[in-house]
1. Helix-derived [θ] at 222 nm for the chain: sum -39500 (n - 2.57) over DSSP H runs of at least 4, divide by residue count, nearest 500?
2. Hey, in the GNM for the chain with a 10 angstrom Cα cutoff, which one of K50, K60, K42 fluctuates hardest?
3. Just to confirm the number: angle between the C-alpha axis of helix 36-47 and the first principal axis of the chain, 0 to 90 degrees, nearest 10?
4. Taking the convex hull of the Cα atoms, report for segment 2-80 its projected area averaged over all directions, in nm².
5. Could you identify which residue out of I23, I59, I43 has the top mean-square fluctuation in a GNM of the chain using Cα springs shorter than 10 Å?
6. Lysines near K81 by alpha-carbon distance under 29 Å, same-chain residues fewer than 8 away left out - which ones?
7. I want to verify a result. In a Gaussian network model of the chain, Cα cutoff 10 Å, which of these has the top mean-square fluctuation: L51, L28, L70?
8. In degrees between 0 and 90, to the nearest 10, how far off the longest principal axis of the chain does helix 19-30 point, with axes built from Cα atoms?
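None of the figures in this text is laboratory data; all of them are computed from the coordinates on show. Here the structure is a predicted model, which is why all the values come from computation and not from measurement.
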Amino acid sequence: MYDAGEPKYYIDAFNKDVDSNKIIFEMLLNNKTETIESIISKINQNHGLKLSLDNRPFIKVRVKSEPVNLSLPPLPDHFVKHI
């Protein structure tokens, strides 16, 4: 998940050890009208954030790239508890 174009958090719907992942997974399964995009939109509205998923182009030519190991925290629980 990105905040202003920079990687900020990760979401792992299969990791039930993190409350935010568990809440998002349950929202997607139990409420068939929710999508990950609608959940992110509600988080942004409730907390004044600009979170987004990576929208990569279908084709992109990279001149130079370097592998980077990111150690991103999970999405904070309080973002999704009161949606």
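1. The per-residue figure over the chain is -9500 deg cm²/dmol.
2. Highest fluctuation of the listed residues: K60.
3. 80 degrees
4. For segment 2-80, the mean projected area of the Cα convex hull comes to 6.6 nm².
5. I59
6. Straight-distance partners of K81: K8, K16, K22, K32, K42, K50.
7. Evaluated over the chain, the most mobile residue of the options is L70.
8. Taking Cα atoms only, the helix is inclined about 70 degrees.
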